[in-house]
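Peer 1: Sharing a structure here in structure tokens format.
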Amino acid sequence: MKGNFAAVALLVIGALALAVNLDLLEIDLVQLLRKWWPLALIGLGIALFFTPSDGNRKSPD
């Protein structure tokens, strides 16, 4: 899940940046990031919460 979350986040950010550069969208990305940056922390926390941990796995001898 952790790798998928990062990949999807990069795709969305890249698509938004490209759309702004091509004048398909008229949004201020800097203002948007200033206002909604805590959402990235929440998403990261959710991704880490659902990522399985290897803490209970024993190493083979």
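Peer 1: Can you give the FRET efficiency for ALA17 and ILE42, using 1/(1 + (r/R0)^6), R0 = 25 Å, r = Cβ-Cβ distance, to the nearest 0.05?
Peer 2: It comes to 0.70.
Peer 1: Same structure again: By accessible area of protein heavy atoms, probe 1.4 Å, what ranking do ASP28, ASP23 get, highest first?
Peer 2: Per-residue accessible area, sorted high to low, gives ASP23, ASP28.
Peer 1: For the range 21-30, what does the Karplus curve 6.51 cos²θ - 1.76 cosθ + 1.60, with θ = phi - 60°, yield as ³J(HN,Hα) per residue in whole Hz, taken in order and with x for Gly and Pro?
Peer 2: Taking θ as phi minus 60°, the curve returns 5, 8, 6, 7, 10, 10, 10, 8, 5, 5 Hz for the range 21-30.
Peer 1: Taking 0.36 nm per intervening residue step and subtracting the Cα-Cα distance, what contour gain separates PHE50 from ALA6 on full extension?
Peer 2: Stretched fully, the PHE50-ALA6 segment lengthens by 14.5 nm.
Peer 1: Right, something else. Between LEU25 and residues 5 or more places away or on another chain, which pairs have amide H atoms under 5 Å apart, with H built 1.01 Å from N, and which residues are they?
Peer 2: Under 5 Å from the amide H of LEU25: VAL20.
The values are calculated or read from the model by the stated rules, or taken from the named source; none is laboratory data. Small disclaimer: the values here were computed from a predicted structure and weren't measured. For neighbour counting, all protein chains shown are included, and Cβ atoms are generated from backbone atoms with ideal geometry for every residue, glycine included. Just so you know, the surface numbers come from the protein's heavy atoms only, side chains and all, with ligands and any DNA or RNA stripped out. Shrake-Rupley method; radii C 1.70, N 1.55, O 1.52, S 1.80 Å.
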